[in-house]
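Just so it is clear, none of the values below were taken in a lab; they were calculated from the coordinates. If you're wondering where the values come from, they're calculated on a predicted model, not measured in any experiment. We place every Cβ from the backbone using ideal geometry, glycine too, and count neighbours over all the protein chains shown.
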Amino acid sequence: MFVTQAYAQDGGTTEQLPSEVHGVQETHHEGSIPASEHGAGFPPFDPEFYPSQILWLAITFGVFYWLLKTVIMPRIGGILENRRDRIALDLEAAERMRSDADEAQAAYEQELTAARNRAHAIATDARESAKADAEKERKRLDAELNDKLDAAQARIAEVKRGALAEVDQIARDVTDTILREVASIEASQDEIASAVSQADR
Amino acid sequence: MEHDPTDPIHQFQINRIVPIQIGDWDFSFTNSALFMVLTVAVTTAFLYYTTRGRGLVPSRGQSITELSYEFTANMLRDAAGTAGMKFFPFVFSIFMFVLVANLFGMVPFFFTVTSHLIVTFALALLVIGVVVGYGFYKHGLKWLMVFVPSGVPGYILPLVVTIEIVSFLSRPVSLSVRLFANMLAGHITLKVFAGFVVSMSALGTLGIIGSILPLLMTIALTALEFLVAALQAYVFAVLTCMYLNDAVHPHH
């Protein structure tokens with residue numbers, strides 16, 4: 001019984017509804033419930049209102065289905081889609097910002113390294129130039145001291161030469177005096193000088 | 001018609017509001033039809049109204065709408081896969097219609113549309129009709145393979161196929177009777193216990209004291225009936241999804 005009804009109603013069109021309803025009603029006529037007594041018996045099994053219920057169910061459910069399909073569900077679907085898109089977009093933006101931050105970090109590190117290297121170079125240069133300056137100064141002082149040393153040595157030599165010359169004179173005078181006073185020998189100055197220089201050797 | 005106020009059957013009575021007679025057929029606009037219209041109108045209005053803000057962060061109402069939408073979508077996707085999603089509007093309509101009709105039945109003096117077998121049977125036939133119709137439309141005669149489980153030895157195949165066919169044919173019956181019987185029985189029980197309160201209270205002081213028990217029972221049953229109303233809508237929708245799966249994937 002249900003099979004035939006099932007296939008009869010499958011069409012779902014309103015033209016088919018009466019025949020289907022008729023079938024249901026007939027079933028109940030043949031069944032145990034006396035159907036013609038309206039209002040009597042158990043209302044859910046009272047076929048009197050079957051056509052009306054089926055018709056109005058078809059109308060209301062049809063309208064409901066149509067409204068949901070064409071208006072409500074695209075609306076909800078749109079909202080959810082929109083949210084999904086927005087979340088994806090935000091995630092993307094966050095990802096982009098993070099990569100930006102990473103880049104900035106890398107740039108900063110690079111900059112820092114460069115600056116450090118530059119500082120190092122500057123320090124090295126300063127040290128080198130200071131060292132060079134010190135070296136130059138040292139050399140200058142060295143030279144100056146050498147000059148002074150040379151001058152001093154020259155003076156010493158001169159003084160020494162002068163002293164030695166005086167020593168010769170003193171030796172000659174001593175010799176002359178000794179010869180004259182002790183030996184009473186009158187020697188000329190030339191003889192004394194040659195004798196002293198010979199003894200000097 | 002005179003009625004005993006504690007009559008548990010009276011709530012299922014259908015009354016003509018606008019009598020409409022076409023030929024031999026009585027298509028009167030009844031209280032049943034009124035509550036079908038109310039169900040549709042209130043549900044549609046709710047779904048429309050709560051989504052008016054199209055909020056990125058949903059409001060409370062929008063959350064309810066979105067939850068029911070995604071709940072149904074997941075239900076259908078789990079049962080029938082992505083290919084079954086073309087039936088989403090259909091399943092969502094069925095679920096929302098049955099759910100709201102059931103819940104409307106919980107309001108005092110409201111008519112319960114789903115407490116009439118013809119309504120649930122029509123919905124069940126619609127589901128099975130869609131399954132059969134789509135099955136043949138999509139797979140042709142091969143769709144009949146849904147009755148032939150794979151891996152069954154040849155000699156018991158006729159028996160298995162017979163069982164499969166019988167089980168398929170009983171689907172609209174079980175689907176509709178389950179919902180109808182749950183709503184009917186629940187409402188009758190509720191009314192009977194509530195009726196006890198009324199009739200016992202009429203007996204005097206002792207009766208009033210004694211009526212506390214059925215009153216507590218009525219309160220508990222009301223909570224239970226809310227659960228049943230939601231649960232049966234869910235069951236109806238889940239079974240719809242599983243039957244639709246047969247239409248989409250006939251080889252199981």
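Just to verify a number: FRET efficiency for B:TYR234 and A:GLU103, C-beta to C-beta distance, R0 = 41 Å, to 0.05?
Given R0 = 41 Å and the Cβ-Cβ separation, E is 0.20.
Other chains' Cβ within 10 Å of B:85-93 residues: what's the mean?
Working: counts 0, 0, 0, 4, 9, 3, 0, 7, 10.
Mean partner shielding for this stretch: 4.
Within straight-line reach of B:LYS138, meaning a Cα separation under 24 Å, sit the following lysines at least 8 residues removed in sequence or on another chain: A:LYS69, B:LYS86. For B:ILE17, the residues whose amide H sits under 5 Å from its own are B:PHE29, B:THR30, B:ASN31, ignoring neighbours fewer than 5 places away on the same chain, with H placed 1.01 Å from N. Which of the lysines could a cross-linker bridge to A:LYS148, judged by Cα under 26 Å and excluding same-chain residues fewer than eight apart? Within the straight-line cut-off, A:LYS148 pairs with A:LYS131, A:LYS136, A:LYS139, A:LYS160.
On a full-extension model of 0.36 nm per residue, what is the gain between A:PHE45 and A:ALA123, subtracting their alpha-carbon distance, rounded to one decimal in nm? Working shown, then result.
Numbers: separation 78, 0.36 × 78 = 28.08 nm, distance 10.52 nm.
Additional length available on full extension: 17.6 nm.
Separation of region B:62-111 from region A:141-201 is 139 Å, based on Cα centroids.
Compute the whole-percent fraction of alpha carbon pairs in region B:10-114 spaced more than 22 Å apart.
Working: 2591 of 5460 pairs.
Of the Cα pairs, 47 percent sit more than 22 Å apart.
If one takes the longest principal axis of the Cα atoms in chain B, at what angle in degrees, from 0 to 90 and to the nearest 10, does the Cα axis of helix B:60-80 lie? Result, in degrees: 40.
For chain B, the longest principal axis of the alpha carbon atoms and the long axis of helix B:157-201 meet at an angle near 10°.
Could you tell me what % of all Cα pairs in region A:59-201 have separations over 19 Å? In whole percent, the long-distance tail amounts to 81. By how many degrees, between 0 and 90 and to the nearest 10, does the Cα long axis of helix B:212-248 differ from the longest principal axis of chain B? It works out to around 20 degrees. Residue by residue along B:10-19, Cβ atoms of other protein chains within 10 Å of the local Cβ number 3 on average. Taking only the Cα atoms of region A:154-200, the ratio Rg/Rh comes out at 1.11, with Rh defined as the Kirkwood radius. GNM, chain B, Cα, under 10 Å: largest mean-square fluctuation among B:ILE64, B:ILE22, B:ILE165? In this elastic network of chain B, the residue with the biggest mean-square fluctuation among B:ILE64, B:ILE22, B:ILE165 is B:ILE22.
If the viscosity is 1.002 mPa s and the temperature 20 °C, what translational diffusion coefficient in µm²/s does Stokes-Einstein give for the protein assembly as shown when Rh comes from Kirkwood over Cα pairs?
The calculation lands on 69 µm²/s.
How long are the three semi-axes of the equivalent ellipsoid for region B:10-248, computed from the Cα gyration tensor as the root of 5 times each eigenvalue, in whole Å, largest first? Show your work: numbers first, answer last.
Values: eigenvalues 279, 118, 80 Å².
They are 37, 24, 20 Å, listed from largest to smallest.
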